[in-house]
Amino acid sequence: MKKIILALTTFFVFSTGALAAEGGIAWDKAPGNTSDHASLQNGARLFVNYCLNCHSAAYMRYNRLQDIGFTTEQIKDNLLFTTDKVGETMKAAIDPKQAKEWFGANPPDLTVIARSRAGHGGTGADYLYTFLRTFYPDATKATGWNNLAFPSVGMPHVLWELQGQRRPLVEIRKEHGHDVEIFKGWQQVTPGTMTPLQYDQAVGDLVNFLQWMGEPSQNTRVRVGVWVMLFLLVFTLIAWRLNAAYWKDIK
């Protein structure tokens, strides 16, 4: 029995280590709140200005942004860059053929990216929040950038002007006879237009919008579900008392 427990423990440790190695560093918890319209609106602006150049959200229409507090006029004046119609879907302006030549593959659609990226490290929002905050310059890569959460990613750091340039600080340790790099933190190389706290908040807003976009009706569904459960609770009480009234003389 002890041998079995030891074998299972060893398997769990090594499999966990392998997963961590494949997925890069541990994911940070995303500060998401899909009921916060101010956060969602800022995230939508960031998405349109920085992500929609290459990535589409082909299953989301611009007029659906009214659900997070935008008016039709605000959408037309500030968010329509790839189409003239507010009822159109959010499609990138980039040519897929050019995108494949530049990045090696056509950038993925982001409509449900926050739902599809969930894994052992946390939710899809946690992954995106970590991913967008762990870029660093790497001259060996075609884009000039690399990422700790997604090593050798083909995507450049489109938010670098906001964050500035940072380099990861690592410590080399010996584990099981091999050199292992342990991430210790960041060193700011050049400043961005935002402070680190402001940048983290901006990324949190962007990820919040991506999470909302993956299921825009989630808040409505939860709200309706609460009222349905309350109705069923009250109806159950009424039915219980009605049943007692029907059978009170047959005992």
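For helix 37-46, what angle does its Cα long axis make with the longest principal axis of the chain, in degrees from 0 to 90 and rounded to 10? Taking Cα atoms only, the helix is inclined about 30 degrees. Averaging the sequence gap over all C-alpha pairs within less than 8 Å and six or more residues apart, then dividing by the number of residues, gives segment 116-251 a relative contact order of 16 percent. Rolling a 1.4 Å probe over the protein heavy atoms gives segment 136-242 an accessible area of 65 Å² per residue. Checking every one of the chymotrypsin sites (Phe, Trp or Tyr not before Pro) in segment 150-251 against DSSP loop status and a limit of 15 other Cβ atoms within 10 Å picks out Trp247. Calculated [222 nm] ellipticity per residue, helices only, for the chain: -14000 deg cm²/dmol; basis is -39500 (n - 2.57) per DSSP H run with n ≥ 4, divided by all residues, nearest 500. Look at the alpha carbon pairs under 8 Å that are at least 6 residues apart: their mean separation over the length of the chain gives a relative contact order of 22 percent. Subtracting the Cα-Cα distance of Ser152 and Tyr59 from their residue separation scaled by 0.36 nm leaves 30.7 nm.
3J(HN,Hα) along segment 81-89, derived from phi through the Karplus expression 6.51 cos²θ - 1.76 cosθ + 1.60 where θ = phi - 60°, amounts to 10, 10, 7, 9, 10, 5, x, 7, 7 Hz, with x in place of Gly and Pro. Within the listed set Leu237, Leu206, Leu162, the Gaussian network model of the chain (springs between alpha-carbon atoms below 10 Å) gives the highest mean-square fluctuation for Leu237. Here the Kirkwood formula puts the hydrodynamic radius of segment 171-230 at 16.2 Å, using every distinct Cα pair.
Between amide H atoms placed 1.01 Å from N, distances below 5 Å from Gly164 occur with Gly192, Thr193, all of them 5 or more places distant or on a separate chain. Normalised radius of gyration (Cα atoms, divided by 2.2 N^0.38 Å) for segment 23-115: 1.18. The angle between the Cα long axis of helix 196-214 and the longest principal axis of the Cα atoms of the chain comes to about 50 degrees, rounded to the nearest 10. Using a probe of 1.4 Å, the accessible surface attributed to His157 totals some 10 Å² when neighbouring protein chains are kept in position. Sorted from longest to shortest, the spans of the Cα atoms of segment 94-140 along the three principal axes equal 33, 28, 15 Å. How would you classify segment 64-105 from its alpha-carbon gyration tensor, with a ≥ b ≥ c the square roots of the eigenvalues: rounded for a/c under 1.5, else prolate if a/b is greater than b/c, otherwise oblate? Here segment 64-105 falls in the prolate category. Sequence-ordered 3J(HN,Hα) estimates for segment 57-71 from the Karplus curve with 6.51, -1.76 and 1.60 and θ = phi - 60° stand at 10, 5, 10, 10, 9, 4, 5, 6, 5, 5, 5, 9, x, 6, 8 Hz, glycine and proline given as x.
Starting from the Cα gyration tensor of the chain, take the square roots of the eigenvalues, sort them a ≥ b ≥ c, and report rounded, prolate or oblate (rounded when a/c is under 1.5, otherwise prolate if a/b is larger than b/c, else oblate). Judged from the Cα gyration tensor, the chain comes out oblate (a/c at least 1.5, b/c at or above a/b).
Segment Asn219..Lys141, full-extension length gain: 24.0 nm, with 0.36 nm per residue of separation and the alpha-carbon distance subtracted. First check a/c for segment 196-241, with a ≥ b ≥ c the square roots of the eigenvalues of its C-alpha gyration tensor; if it is under 1.5, answer rounded, and if not, answer prolate when a/b is larger than b/c or oblate otherwise. It comes out prolate by the Cα gyration axes. Quick one: net charge of Val189's neighbours, Cβ under 11 Å, K/R +1, D/E -1? With Lys, Arg at +1 and Asp, Glu at -1, the net is +2.
The values are calculated or read from the model by the stated rules, or taken from the named source; none is laboratory data. What you see is a predicted model, and the numbers here were worked out from it, not measured in a lab. Here Cβ is always computed from backbone atoms with ideal geometry, including for glycine, and neighbour counts include all displayed protein chains. Quick note on the areas: whole protein, heavy atoms, side chains included, nothing else; ligands and nucleic acids left out. Shrake-Rupley method; radii C 1.70, N 1.55, O 1.52, S 1.80 Å.
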